[in-house]
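A short worksheet on the structure shown next.
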């Protein structure tokens, strides 16, 4: 019967060398969170810088009593930030319908749109449909 290595021992196999530590070991937590924090900072440093500058400007606007102006500019900035800025090909733009039919070719509406014509046709059974074929 072979002995199973304990959780804190070093084992050597033919393919690799690994050190097994139990998850309750404080060194494991420190190394894991150090790795995750470095990974987070390298991926999101621009967003962190924008957030810190926004907080700094907010603090200064509070100190100099310009909080209303700061709130207005923040709201406008959030509106523009959340607009759809994805790059789309010409074919994708033509395929995608806007929720507002005035922006679509031929004023085509999306499926499920509630219109006055549909309501009148539903109520009258199509008797008032004045379209000529």
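Brief remarks follow.
- Filtering 85, 100 for residues that are at pLDDT below 80 and closer than 24 Å to residue 53 by Cα leaves a single hit, 85.
- Answer residue from the stretch 21-45, given it is part of a loop (DSSP other than H, G, I, E, B) and modelled with pLDDT of 65 or more and is surrounded by the fewest Cβ atoms within 10 Å (Cβ to Cβ) among those: 24
The values are calculated or read from the model by the stated rules, or taken from the named source; none is laboratory data. Just so it is clear, the model here is predicted, and its values are computed rather than measured. Backbone-built Cβ (ideal geometry, glycine too); neighbour counts: all protein chains shown.
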